[in-house]
Amino acid sequence: MFYFRTVSVNPKMPERISRLQDLQYNLWFSWHEPALELYRQLNEVLWEDCYHNPVKFLLELHQEDLHEAAQDSNYLALYDQVIGDFDRYMNEEKWFHKYYNQHKDRSIAYFSAEFGLHESLPIYSGGLGVLAGDHTKAASDLGIPFIGVGLLYKQGYFTQRINREGWQEAFYPHYNFYQMPIVPAVHENGTEVQIPVDLPQGTVFLKVWEMKVGLAKIYLLDADVARNSKEDRALTAQLYGGDRDMRIKQEIILGIGGVKALRALGIIPYAWHINEGHASFLCIERIRELVQTGIPVATAKEVVKSNTLFTTHTPVPAGHDTFDEEKIDYYFGYLYGQLGMSRDQFMQLGWNKEHKAFNMTVLALNLSSYCNGVSRLHGEVSRKMFQIFFDQLPVEEVPITSVTNGVHAESWIAQEIKDLYREYLGNEWDKNISDQEQWHKVDNISDERIWNIHKKKKEDMIFFVRHRLEQKKLRNHESSESVAEVQNFLSPDSLTIGFARRFATYKRATLLFRNKERLAHLFNNPERPLQIIFSGKAHPADDAGKEFIQKIYQYANEEPFRGKIVFLEDYDINVARYLVQGVDVWLNTPRWPMEASGTSGMKVAMNGGLHWSVLDGWWPEGYNGYNGFAIGEIDNSHLSEQELDREDSYSLYALLEEVIIPSYYNREDHLPREWIKRVKDSIKTLSPVFNTGRMVQEYASQFYVNCIDRGLMFSEENFALAGRVRAFKQYLMENWHHVDFKNVNFNGTKDMNVGDELTLSATVRLGPINHNDVRVEIAYGYESEHSLHNIQTKPMNLVEAVGDGLYRYSGSLQHAQQGTFGYTVRIRPSSTYFANDFELPLVTWAGTF
Ligand SMILES: *Cc1c(COP(=O)(O)O)cnc(C)c1O
């Protein structure tokens, strides 16, 4: 091997169109069709060959093409329009400026192991990454001062090829970052930013790359720099590759390196968002920084917690990232001293007593003020899962909330459909995307119009699929007949089902084949034909997932499925865009309740397809009985896996035979009127809700703004408040054992009428705890299954101090509704500085009374 340096030589850009060079380095281009068109028109074949990557494209484009374009009045008109739009976008007043102007320059740091923004940047594996990408785009649209932090993977996730046996093979291309829409971050003096991070084998240096996403920025860390050892250079080679050591090292780089990178860049985050547990080590670095300036570690923890938000995405205990004690000692042992912690104190930060391991989710939970799941159902599941840390609390009061995911509409909706929305809903439809009212205007669109556009998108998809299949066959040196045959695959007139996502086994890609005879029967109906497009990658270490792919590959080659079932290799954002814009129905069959949210069905709905899904993730919130199709029941927790698979497959076939196929094929004047009615209902009811505009507004107003305020408050006067809150918590923890009920009296009976008042009085023992620091309250709710539900509380009033640490309280409750209620009284700590009622998970309940 010999050493060499590389240089990228750009074409000389004619002055008149020179801003193409700005545009290529801002991912804004990726969700503006006219901007993409600006590149495509220069050389369509090359544009496709460069996989829509404008940086690579301009490096390879002929100088003459640029000069020609600079003389072409049509081209220049488009250019001026796009540049005008871009400048307007970058400078106009946005939502956040209107409502939270005082915070407009206070950065919010968002850490994520993957970001899926565009096919030209393959640093994502699936839904989590695409969500992070869509979140970033929406944050920019809303004017939120948003800074993403992630890793730049030299080989991405992996490139998928399916061999002749139907077995997935993983390829690892080496990307040239200089041919991507990112630039090295530099210091003021122009030198590249490089960050040192300590690992047991020595210091690794990370180069920092900057990506612009509209007004937002994402900084990506890259270990592939010359001064690192060969092994260290591979630390950021692959997303989710390697063993547990690789995983923890990557997470150290992301969390600790990420904080250091922001510091080196002079960015001061006022709020910190941990997107899934992979990034939780950022808290450790922040604590270390504070402790190194002389702040006591317990106070430092309160400071970090005050402005941190954690979003969990994993509904099953096994899905959470954990490391054993030895590994933690090996990688963090040297840090315990710098953190001012004992080994035990450090372990405790992430300790999961059930699994006896250090858990990244627990670490994040312990060091965040706010925690949320990604759909209502997932919020519930998470509260159940983490109740072990709040063992005195009813599940519903476990302080984990939810913000349901969405998708970035501008990125996912076909241009033709966007034009339709602009025409019928108005020019500002996308700015007002969450306004339910405007979506009613979808009813004014003629059936024929929307159907023809859908048909056109379906044809585009089929053309794309055939082309991809043909390429694959050519690559495999298949016979010319076999290559030619592809042109007969799939028909634009057939009911087309799409199934594409990661091939994790819980997503049950093969569920539809449980009763192959019955399915074959449906495929054999020449009057009402069916076809299915599959796509998706299995994790390279997941052989069970690969077997699912193989099965589908085999079915695709059998009669009667040949040419009607296809498997598309290398699922990514580009493939996803074609599929969600072109399919009639989108099938989603996760094993309930393992899909935290899912988002691909949302993309389909906005494009005029129908979602057909298990009532898991976001779908129970979206499904209204008509705007798509629901598989199985809303709560399947009583079924075993086998039963669930059987029930769900029955439901699949019944829906297909009795509802989906008839609805699609019953025509009136050649149009499926009933189907189109469903499509319009789906667009109307789902688009205003399941978009990232709504989602990021919720993150901003429920969490980001509070985090900023709390962070500022907690750090004033050298972290005085953080110190007080810490002392307060410690005092309560040490003295809570004094808290008790001496007696509780009430004046009600078992049967009461609406409007009757129930009065309660209680004498409580607080010992040395000040009565201002607790809240004595009536807790009441519906009684069912020996528990209280929809719990509400009402404070009781202090009547008198009886002396000796005893206090008498009274309160009352008026029954406003009929039903069977349960009520009791309880005492909990209270402080205006808590982010939620149970920031300190202490509560004393009255016994029987
Ligand atoms: C939207 C999207 C996903 C998410 O799919 P789910 O079905 O929600 O799991 C995964 N991968 C890509 C490329 C996507 O665009």
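The values are calculated or read from the model by the stated rules, or taken from the named source; none is laboratory data. Quantities reported herein were computed from a predicted structural model and do not represent experimental measurements. Neighbour counts are summed over all protein chains in view; Cβ atoms, including those assigned to glycine, are modelled from backbone coordinates with ideal geometry. Ligands, DNA and RNA are excluded from the accessible area calculation, which covers all protein heavy atoms including side chains. Shrake-Rupley method; radii C 1.70, N 1.55, O 1.52, S 1.80 Å.
Brief remarks follow.
- FRET efficiency, Arg19 to Met752 (Cβ-Cβ, R0 51 Å, nearest 0.05): 0.10
- For the range 404-455, the list of trypsin sites (Lys or Arg not before Pro) that fall in a loop by DSSP and count at most 12 other C-beta atoms within 10 angstrom is empty.
- Relative contact order for the chain, counting Cα pairs under 8 Å that sit 6 or more residues apart, in percent: 11
- The range 154-273, relative contact order [Cα under 8 Å, separation at least 6], %: 21
- Top positive-direction residue, dipole computed over the chain with Cβ charges, set Ala185, Val725, Gly379: Val725
- The range 739-845: C-alpha gyration tensor shape, a/c 1.5 cut-off, then a/b vs b/c: oblate
- Simple spin-label estimate for Val183 and Asn444 in nanometres, 7 Å along Cα-Cβ: 4.4
- Magnitude of the charge dipole for the range 505-581, about its Cα centre and with charges confined to Cβ atoms of Lys, Arg (+1) and Asp, Glu (-1), is about 280 debye.
- Given the chain, longest segment not containing exposed loop GluC sites (Glu not before Pro) (DSSP; at most 14 other Cβ within 10 Å): 559-784
- Shape call, the range 503-591: gyration tensor on alpha carbons, a/c limit 1.5: oblate
- Hydrodynamic radius of the chain per Kirkwood, over alpha carbon pairs, in Å: 29.3
- Among Leu66, Leu46, Trp28 - extreme Cα towards positive end, dipole of the range 7-115, charges at beta-carbon: Trp28
- Dipole of the chain [Lys/Arg +1, Asp/Glu -1 at C-beta], most positive-end residue of Ile573, Pro122, Gly803: Gly803
- Extent along the principal axes, Cα only, for the range 15-91: 33, 26, 18 Å, with the longest axis given first.
- Dipole magnitude (debye, nearest 20) for the range 534-615, charges at Cβ of Lys, Arg, Asp, Glu: 200
- With a Förster radius of 51 Å applied to the C-beta separation of Ile267 and Glu169, the computed FRET efficiency comes to 0.80.
- Accessible area of the chain belonging to carbon and sulfur atoms, whole % at 1.4 Å probe: 47
- Given their separation in residues at 0.36 nm each and the Cα-Cα distance between them, Met90 and Asn790 gain 247.5 nm when the chain is fully extended.
- Antiparallel DSSP beta bridges within the chain, percent to nearest 5: 60
- Rounded to whole Hz, the Karplus (6.51, -1.76, 1.60) HN-Hα couplings of the range 767-778, x for glycine and proline: x, x, 7, 5, 5, 6, 9, 10, 10, 9, 9, 8
- In the chain, the longest principal axis of the Cα atoms and the axis of helix 543-556 are about 40 degrees apart.
- The range 372-406-the range 474-499 distance, computed between alpha-carbon centres (Å): 46
- Measuring r between the beta carbons of His477 and Asp419 and using R0 = 45 Å, the FRET efficiency lands at 0.60.
- Average accessible surface for the chain: 41 Å² per residue, computed with a 1.4 Å probe over protein heavy atoms with every protein chain in place.
- Loop-resident trypsin sites (Lys or Arg not before Pro) (DSSP state other than H, G, I, E or B) in the range 119-167 with no more than 14 further Cβ atoms inside 10 Å of their Cβ: Arg164.
- The range 298-405 - percent relative contact order, Cα under 8 Å, separation 6 or more: 31
- Principal-axis analysis of the Cα atoms of the chain puts helix 376-385 at an angle of about 50° to the longest axis.
- Degrees, to the nearest 10: 705-735 long Cα axis against longest axis of the chain: 40
- For the range 724-786 versus the range 233-264, the spacing of their alpha-carbon centroids is 47 Å.
- Equivalent ellipsoid semi-axes - Cα gyration tensor, the range 95-402, angstrom: 28, 23, 23
- Across the range 247-258, coupling constants 3J(HN,Hα) worked out from phi with the 6.51/-1.76/1.60 Karplus curve, θ = phi - 60°, read 4, 5, 5, 5, 6, 5, 4, 5, x, 6, x, x Hz, and Gly and Pro carry x.
- Calculated P(r) of the range 176-322 - Cα pairs past 18 Å, %: 62
- Separation between Cα centres of the range 51-82 and the range 552-612, rounded to whole Å: 35
- Overall form of the range 537-690 per C-alpha gyration tensor (a/c, 1.5; a/b vs b/c): rounded
- Dividing the summed -39500 (n - 2.57) terms of all DSSP H runs of n ≥ 4 by the residue count of the chain sets its mean residue ellipticity at 222 nm at -11000 deg cm²/dmol.
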